[in-house]
Each structure stands twice: as C-alpha cells, then as structure tokens.
Amino acid sequence: MLDNRVPYLNQSFKIEPMIRKIIYISMLLLLYSSAYLYSQTNSKPNIVFIFSDDHTQQAIGAYGSKLMKTPNIDRIANEGAILKNVFVTNSICAPSRAVLLTGKYSHLNGLKDNSPKRLFDGTQQQVQKLLQNANYQTAWVGKWHLQSYPQGFDYWKILPDQGNYYQPDFINMSHDTTRYKGYVTNLISDFSFDWLHQRDSTRPFFLVIGEKATHRNWMPAIEDLGAYDDQNFSMPENFYDTYKDRVAASEQDMTIDKTMLLGDDLKMNVNYKKPGMFGRLNSNEKEAYSNYYNSIQKQYEQIKNDSKAVIEWKYQRYLKDYLATAKSLDRNIGRILHYLDSTGLDKNTIVIYASDQGFYLGEHGWFDKRFMYEESLRTPFVIKYPTKIKPGTQIQNMVLNVDFAPTLLDMAGLKIPKEIQGKSFFPILKNPKATLKWRDAIYYHYYEYPEPHKVAPHFGIRTQRYKLIRFYGPNNQWELYDLSKDPHEMNNVIHDVSKIKLINQLKNQLRILINEYKDQEALEILKKESIF
Ligand code: SGN
Ligand code: CA
C-alpha cells in the first residue's frame, strides 16, 4: 500500500490549491510566532546539517565548477564560509557517517567498511547524544546507511541501506517500513519539514538531512531529465590515464570504460516491467524515462561500433545524469533555506552542507571514490552561522571529517570529550586570520577490498605539498606525489633517489600520526618495514 501523506510534491496529486495555500500560510504564521518565542528564550543555535552522498567539489559552483551551477549551496558559502581543504579519513559512505557521529577514525569507532555484516555500535558516545544531554532535540531524516538503528536521535526516518530514487521505502522508528510516492530528494526535505513543524519550539534542535543524491545510479527527477543535454563537457586531462607506476590504480574496477554499465547506470535498454529501481517508476514516470532514454539510445546506436566514441559518449552521459541528479539536490537545499527564512529560524540556525566524500567525474577515467587521491579524499563543506561567521569567509586550513563532531559541540557551547580525535575549527571560522596552532598534515586509512571496486586497502599522509601512500593487502606499494608539480597525481616519484630524505621525513611524520591516532593495524605494517 502506498502512503499518500506527502502530496504537494507528487506530480499526479491534485488538491485544491487555495486550501493548500491557506494551510501552508497558517502553518508558517504559527511557526514564525513560535520561532520568535524560541529566540527570546533560548540562545543556543539550532543546527541543520545537510549531508549528501558522493557529491563532489567538481560539481559545485562555489568550488569553481565548470560543469554546473549550484546557486543554493553557493548561497550558504556566500552568507557564511567555504572550506577549501576538507578531507575525509576513509572515503566511503557508512564509515564516513560513523566518523561524523563519533569524531573518531574508523579503527576506533569500529566501522571500517560498508559490509552489511559490520554493525555500527550505536551504544558508543556520539555527537547527537551529547547534544541531546544538553537539551537539544535531535533528528536524522534520509539516507543513514549504518547497519544498526540510530541511537541518540529523538526522531528518525531513514532509507533502508542505499534507498531508492523513486517511490522509496522509509524505515520508521517503530522499525516498520512505508513506501512513499515521489522522488527521494523531495521526500527527504518534506519529512524534515514535517519534523520541524511538530518539534518543541522552546528547545534548540540538531537535524541531519541525509541525502541519497548523488549516489549511483544517478536517476534524475523527471523535471531535470535532459537538463544538461546541450552541454558538451571537456574530458579531464587524465581521463585516458594508463596508471604507469601505480599498481593499485591499474588494478581497480571503477572505470567509466569497463565498469560503468550501459543498462543500470546509463539506462539503455531498460526493462521497466522488472522490479527494482526502474520498476519503481509510476506509469507517468516510466513514460518520461523511456521517452527520454529511447531518444538517447538512438545516439548510442549510431556510435556503438566505435569503441573510442562509446567511451566518450559514456562519459558525457554519466556527467549529464550525475549533474541532473545534483540539480534537484541543490533545488532542495534552496527549499530548506527558504523554509528556515520563512519561519524566522534562519537567524539562529547554523546550516552546513557537506558530502560523505568526494567522487571521480572522469578523472583517471573513473567514477566512484575510495582512493586517497584528491578528488575522493576531499569533500565539500560550506557553513553559515549568522552573526558568528562573516559572510564570504574562505578557509584554507586542512580540516578532517573527524573535526565535524567537535566543531558542532563547540558551536553549541559544549565541552569536547577527550576521546574525540578531531579538533574544533570553530575558532578558525570565527577568525580565519588568527594565528592558531593547527595541523600541518592529515592521516587517511581506507579498508574495503575487494568488492565492489577492487581498490586495495591503503593508508597515508598528506601535507600541504606532498602525499605519501602505503597500499597493502593484494600488494605492498608506496606512492609519493608532489602536489605542487603534479596536482592530478600522475607521477609516482617514490623511486626518485633525490627524494630519499623527504620520503624518510614523511614516513616519520606518518608514524607519528599513526601513533597519535592509535591505528594499531597500520603501525604493525610500518613495524615490519622497521619504521617505528
Ligand atoms: C553500491 C554501488 C557502488 C558503490 C557502493 C558504495 N554499486 O554498491 O558503486 O561504491 O554502493 O557507495 S551499485 O551498482 O549498487 O550502485 S557508498 O556511497 O554507499 O559508499
Ligand atoms: Ca557515499
């Protein structure tokens, strides 16, 4: 049975527009007055953390994207701060969520990979529990992707596993599942607004909006089908990377050429009758999808015997679907900002937009993430906090996702527990020019192997200028990049004899970080090479 309770986004739903308007306006008035009351009685800021999936800096206007415009994400940056150098500690979804909640690396929070067998231990200390203890109302709506139910949230409504783009199921707090009509990005905003409507407006809140967009298989909303069709994207200069001197990069299974599927990913020859992600489209949506992709298929038929033309066509199609999916994400961020503005909540609400990691949009010939190379090591992070962060602030410091939890606690005026491994960057946000002791290198550790994309496990260190990576598992390899000369990480200079002193220094610095972060597994690997 389909639940009809989010009607105003369902394209086929018809409700009297006037009645809808009246209900909406009275709700806004009610909310505005309660928000005013709240601002008089409580000075703690509310926090809305919009956390997307696989949405990368290369596709965000504020980060200089040449691919698309993102006016709403950019608005957060313009009204607050953009952090130019934010990195994740393990570039994959569930582990990144566990880091956000705990402020600890994967080896300490226990969630090293996406495996369905690896349960996140929800009984451990988490940022939402600490906020809850300090009188915050806490909620998570949308993609969750941890294999255990949320703890420490007063309210949650989550997608099962990766969720679906159309007619998605949501798991309710009673653990039952409801299927909703509509498009996932719209529904996640709607459910967030539902929760905000009914919360206790005398207390501050912490709401995480977990977006499914822009995860594979990039199914755009109907209104965005073809939004980028008149653009021809130039290929990244290293699209045809041959992976010279990089064993792990040559052994991965995540190329647009070989791994990306014509059917499920690029939507050719889709059987809309089969259950699954396309089977979920309703009849109007099926018609729109098949009309649109049938016309695309005609282009494909013309070039299908020319292998180079096929690769380049795949690249263009991948980007068009990815960006069209991101378009509805940005539009919904606009809806969230509008909601906060129209209820008066904007004045005392911190809004953050970040992704669980970056993503390849054709660099090295890839999609997906995982590698410690720049595109997937980085993640976007923009934040606005009226009166505390000056509009137009730009931060260059190297920030990690373990820093998110302590920064949230700091902004809420709470003490940061000692076990948290990250540091608050709130002082930097308030005063970017202040001379502050901050890290000069970051530590990274990725584990999941071999499925789904055959990326060998690795750990490493990145300084402002250099990156040293140690791959292990299927093969033991070191890689070194000079980012100032080789920003696209094409030349592994680990065997350059003139770099021996530098390599020893970096290995030593890496060992210090590994000790500091208590990563026993990495330490054992270094010990075997007498680096201790
Ligand atoms: C699915 C995707 C993979 C992706 C993982 C993890 N395959 O398995 O391409 O790397 O999720 O993504 S799919 O064909 O099922 O889409 S993550 O963002 O959740 O870590
Ligand atoms: Ca992800």
- prompt: What is the residue count in the range 239-265 for residues that are open to solvent by 30 Å² or more (accessible area, probe 1.4 Å) and closer than 21 Å to residue 469 by Cα?
  reply: 8
task: Would you mind stating whether residue 132 is more than 22 Å from residue 522 (Cβ to Cβ) and in contact with a Pro (Cβ under 9 Å, 6 or more places away or on another chain)?
output: no
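Here is a yes/no grid of residues against (1) modelled with pLDDT under 95; (2) closer than 19 Å to residue 212 by Cβ; (3) within 15 Å of ligand 1 (Cβ to nearest atom); (4) open to solvent by 60 Å² or more (accessible area, probe 1.4 Å):
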| site | (1), (2), (3), (4) |
| --- | --- |
| 281 | no, yes, no, no |
| 284 | no, no, no, yes |
| 290 | no, no, no, no |
| 297 | no, no, no, no |
| 300 | no, no, no, no |
| 307 | no, no, no, yes |
| 315 | no, no, no, no |
| 322 | no, yes, yes, no |
| 325 | no, yes, yes, no |
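Only residues that are within 14 Å of ligand 2 (Cβ to nearest atom) and open to solvent by 10 Å² or more (accessible area, probe 1.4 Å): list them for the range 373-389, please. Explain how you work it out, then say what you get.
Here is the first cut: in the range 373-389, the ones within 14 Å of ligand 2 (Cβ to nearest atom) are 375-380.
Correct list: 375, 378.
Do we have any residue at all in the range 465-488 that's over 25 Å from residue 365 (Cβ atoms) and crowded, with 18+ Cβ neighbours inside 10 Å? Even if it seems obvious, please write down each step before you answer.
Applying the first criterion (over 25 Å from residue 365 (Cβ atoms)) to the range 465-488 yields 465.
Retained after the next criterion (residues that are crowded, with 18+ Cβ neighbours inside 10 Å): none.
No; the residues of the range 465-488 include none that is over 25 Å from residue 365 (Cβ atoms) and crowded, with 18+ Cβ neighbours inside 10 Å.
Hey, among the residues in the range 121-144 that are open to solvent by less than 10 Å² (accessible area, probe 1.4 Å) and farther than 28 Å from residue 43 by Cβ, which one's nearest to ligand 1 (Cβ to nearest atom)? Even if it seems obvious, please write down each step before you answer.
Within the range 121-144, the subset open to solvent by less than 10 Å² (accessible area, probe 1.4 Å) is 122, 126-128, 131, 136, 138-144.
Still in the running and farther than 28 Å from residue 43 by Cβ: 122, 142-144.
Details: 122: 18, 142: 13, 143: 8, 144: 11 Å.
Per the criteria, the residue is 143.
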task: May I ask you to list the residues in the range 186-235 that are part of a loop (DSSP other than H, G, I, E, B), more than 30 Å from residue 283 (Cα to Cα) and open to solvent by less than 30 Å² (accessible area, probe 1.4 Å)?
output: 199, 201, 204, 233
message: Which condition from (1) part of a loop (DSSP other than H, G, I, E, B); (2) modelled with pLDDT of 95 or more; (3) touching an Asp or Glu at 6+ places or on another chain (Cβ under 9 Å) is the one that residue 116 breaks?
response: (2)
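Looking at this structure, is residue 331 assigned to a helix (DSSP H, G or I) and touching a residue at least 24 places away in the same chain (Cβ under 8 Å)? Steps first, answer last, please.
Values: assigned to a helix (DSSP H, G or I): yes; touching a residue at least 24 places away in the same chain (Cβ under 8 Å): yes.
Criteria met by residue 331.
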query: Among the residues of the range 344-372, which ones are among the basic types (Lys, Arg) and surrounded by 24 or more Cβ atoms within 10 Å (Cβ to Cβ)?
result: 369, 370
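Yes/no matrix, rows are residues, columns are (1) on the phi > 0 side of the Ramachandran plot; (2) of a type in the set (A, V, I, L, M):
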position: 82; (1), (2): no, yes
position: 86; (1), (2): no, yes
position: 93; (1), (2): no, no
position: 129; (1), (2): no, no
position: 152; (1), (2): yes, no
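If you check 59, 94, 98, which single one turns out to be within 25 Å of residue 418 (Cβ to Cβ), at pLDDT 95 or above and within 16 Å of ligand 1 (Cβ to nearest atom)? Spell out how you get there, then give the answer.
Numbers: 59 fails: within 25 Å of residue 418 (Cβ to Cβ); 94 fails: within 25 Å of residue 418 (Cβ to Cβ).
Checking each option against the conditions leaves just 98.
Looking only at the range 253-275, count how many residues are within 16 Å of ligand 2 (Cβ to nearest atom) and either in contact with a Ser or Thr (Cβ under 8 Å, 6 or more places away or on another chain) or within 19 Å of residue 296 (Cβ to Cβ) (or both). Explain how you work it out, then say what you get.
So in the range 253-275, the residues within 16 Å of ligand 2 (Cβ to nearest atom) come out as 254, 265.
Cutting the leftovers down to either in contact with a Ser or Thr (Cβ under 8 Å, 6 or more places away or on another chain) or within 19 Å of residue 296 (Cβ to Cβ) (or both) gives us 265.
Qualifying residue count for the region: 1.
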- prompt: residue 305 versus (1) within 20 Å of residue 240 (Cα to Cα); (2) in contact (Cβ under 8 Å) with a residue 24 or more places away in the chain; (3) of a type in the set (S, T, N, Q): which is the lone unmet condition?
  reply: (2)
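Which residues, taken from the range 424-461, are acidic (Asp, Glu) and buried (at least 17 other Cβ atoms within 10 Å of the Cβ)?
First pass over the range 424-461, keeping only residues acidic (Asp, Glu): 440, 448, 451.
The answer is 448, and nothing else.
The values are calculated or read from the model by the stated rules, or taken from the named source; none is laboratory data. Please read all numbers here as calculations on a predicted model, not as lab measurements. For neighbour counting, all protein chains shown are included, and Cβ atoms are generated from backbone atoms with ideal geometry for every residue, glycine included. To get the accessible areas, we keep the full protein, side chains included, count just its heavy atoms, and leave off ligands, DNA and RNA. Shrake-Rupley method; radii C 1.70, N 1.55, O 1.52, S 1.80 Å.
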